[in-house]
Structures are given as C-alpha cells and as structure tokens.
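Worksheet for the structure shown next.
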Amino acid sequence: MTPPESPLYAVVAPPQSRLRRPSLRAVDGSSISAFLGPLTGAMAALLGVLITQRGERKKAHAALVWAQRSEAYAALFLMCERDIGILSRGRGGWSTEERAVLDTPLTDSMQVNLYLFGRDRVVKTYKTYRESLTRRLLADPIHGLELSGEPEDKRRDSTKLIEFGPHLEAVASECIKLRELVRKEARGDG
C-alpha cells in the first residue's frame, strides 16, 4: 500500500493548510552560498569568454590590416623599383612605353588599400612622389607640353626655363625615399 492510502498517514500527516512555506528568513547561509557560488562562477566564465572574444577580434582585425597593408606595400615597392629603373636611365625624353609606365601609378584597388591601411608617413611620401613625378612629366618638352593647347613657340620657350637634371634627381630621390620607407615599414623597423 502506498502512503497516502494508509489510514495512519491521514492521522499523522498534517493538513495541507498548515504546511509552512519557506521564507527568506528561514534560508540559512549554506543555501545562499550554494546559490551564489555557481552564479559567481558562471559570471566569471562569461567575462572570460567576452574578454577572449574581444582579443580574438582585435587579432583578426590586425591580421586583416596587415594583409591589406602588405599587399599595398608590395605593389608600391615594385612601382618604385620600376620607376627608379626608368628615371636612372635618362634626363627626360622617355620612350612612349617608359612614359606610359611612369604615368601609371598604383592600381585603384592598391591605392585604396594604401590610403585605408597604409601608415600616414607612407601615404604622404607616396603623394609627394606622385606630385613631383607628375610635375616632371608635364615639363617634359617632348611629351608633356604637347597637350597643353598653347602655341608651339610658347611651349618651346617655357621648356627652356626648366633644368631637367636637378628636377629629375629630385624625383628619383623622392622615389628612393619612398622605397626605403616602405621597406622599413614592411619589416617593422618604422
């Protein structure tokens, strides 16, 4: 026989209305610590997970930035090597192929990568180099001033004022400076 069907159970068991509900005053210290211990452990575990996730996100972001930056720096370094090779061969009057190479900066995607992920010093030096190279290409008496729309006599007179040697050396030194800065930044020396 199960206890509720037993006649003794009805006599011994108190009526349901007299059962006391547990109150907070009746909770002892051991039950509070039994509740707070796991709660504290769970909060510490959650905090550890959040800190770890934040650190992992920072590492992933740094890896993305470095991947994009190194790709842009590699393209910039190759551009400098190519331009230095052309600039070191002459004092203007480049062939059409050489001029086309000098007229071609980085591709649009590499320029975007450079501007977004490159260090400010590298971007500033790149801009300075491209500006000085553009000025030099526009001053080229064979190619640059033909597109100016000025009369031919005036074009010839304006080109006489330009000393090609120092200007070309300045452009080449800007390119060498850019190449060395990229090399330092890529190695982490900058």
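Calculated FRET efficiency, Leu137 and Ala63, Cβ-Cβ r, R0 35 Å, to nearest 0.05? The calculated FRET efficiency here is 0.40.
3J(HN,Hα) along the range 40-47, derived from phi through the Karplus expression 6.51 cos²θ - 1.76 cosθ + 1.60 where θ = phi - 60°, amounts to 5, x, 5, 5, 5, 5, 5, 4 Hz, with x in place of Gly and Pro.
Order of 104-112, 74-82, 56-64 by packing, highest average Cβ count within 10 Å first? Display every interim value, and only then the final one.
On the way: 104-112: 14.3, 74-82: 17.9, 56-64: 10.1.
The densest-packed peptide leads the list: 74-82, 104-112, 56-64.
FYI, it's all coordinate maths here, none of it is from the lab. What you see is a predicted model; the values in this text were computed from it and never measured. Cβ: placed from backbone, ideal geometry, glycine included. Neighbour counts: every protein chain shown.
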